[in-house]
Amino acid sequence: MRWIALAVLLFHLPIETHATESSTESWSLYKSDDNVKVYSHKTATGRIEVKAVATVQAVPGALVALLHDAQRGPEWIANCRRVVIETKSVHERIIHVYYSAPWPVEDRDMVIDSVIHYDPQAQKYTISVQDVGDQYPLERNYIRMKDVRGEWQAIRLNHQQTQISYQGQGSAAGHMPLWLENKLLLSSTYETFLNMATVIEEKIYQPPINH
């Protein structure tokens, strides 16, 4: 059932506050370990918005490389079955993610538009994500997730460390109790960030990527 996190987590719109530890006054800490923290707060719809932060031994561009490595997606994204990426330009991609779910919950998928911005002075990548699922045909045996929006950031802290953050939300759609949707979003976000923090440090993702 942890596929929900990916929906809001992967690349996963417009977010005003960024996921830094200094901006958590209105957020509740869900869980943390040595270098991963996940926060949440309830929106007007009753759904929660999540915010996750991790410090990793990687360059900022490693986030872009990892998110665009479709083959590795199922290795670190909770309950991800596969990822299909369509490149629209150097800065923009359409990302279709498929999630498996245990019976009797139906499998989900989402389609998002991912746009990259790089600030060379701050050595910061920002990846904004917007739901475009209504522009693509529905997939057989999948429930299309809705209202997925979020923002990733990768900011260099020093020569060796980068802060990776994500803030976003979305709807699992279909027939699922809201309390269960919120619970799964939190646990999945935490699991995905723990996995991401390990995989992103691999050498293959470290060469700088200029956009």
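Kindly evaluate I143 against the criterion of being surrounded by fewer than 21 Cβ atoms within 10 Å (Cβ to Cβ), β-branched (V, I, T) and modelled with pLDDT of 90 or more. Taking the combined requirement at face value, the residue satisfies it. Here is the figure for the stretch 157-178: residues that are open to solvent by 20 Å² or more (accessible area, probe 1.4 Å) and within 20 Å of K51 (Cβ to Cβ) total 5. With respect to the conditions (1) under 16 Å from R140 (Cα atoms); (2) surrounded by fewer than 17 Cβ atoms within 10 Å (Cβ to Cβ); (3) modelled with pLDDT of 95 or more, R81 lacks only one, and its number is (2).
For the stretch 94-106, taking the residues that are of a type in the set (A, V, I, L, M, F, W, C) and buried (at least 16 other Cβ atoms within 10 Å of the Cβ), the one that is farthest from the chain's Cα centre (by Cα) is identified as V105.
Residue pairs whose Cβ atoms lie under 8 Å apart, sitting 6 or more positions apart in sequence or on different chains, and linking a residue in the stretch 61-72 that is within 16 Å of Y166 (Cβ to Cβ) and part of a loop (DSSP other than H, G, I, E, B) to a partner that is at pLDDT 95 or above and of a type in the set (A, V, I, L, M, F, W, C), are H68/I85.
From R156, R149, grab the single residue that is of a type in the set (D, E, K, R) and in contact with a Ser or Thr (Cβ under 8 Å, 6 or more places away or on another chain).
Numbers: R149 fails: in contact with a Ser or Thr (Cβ under 8 Å, 6 or more places away or on another chain).
After ruling out the rest, the residue left standing is R156.
Filtering the stretch 107-130 to residues that are outside any strand (DSSP E or B) and surrounded by 15 or more Cβ atoms within 10 Å (Cβ to Cβ) leaves D107, Q123.
The values are calculated or read from the model by the stated rules, or taken from the named source; none is laboratory data. All values reported here derive from a predicted model rather than from experimental measurement. FYI the Cβ positions are ideal-geometry reconstructions off the backbone, even for glycines, and counts take in every protein chain you see. Protein only, heavy atoms only, side chains kept; ligands, DNA and RNA dropped before computing areas. Shrake-Rupley method; radii C 1.70, N 1.55, O 1.52, S 1.80 Å.
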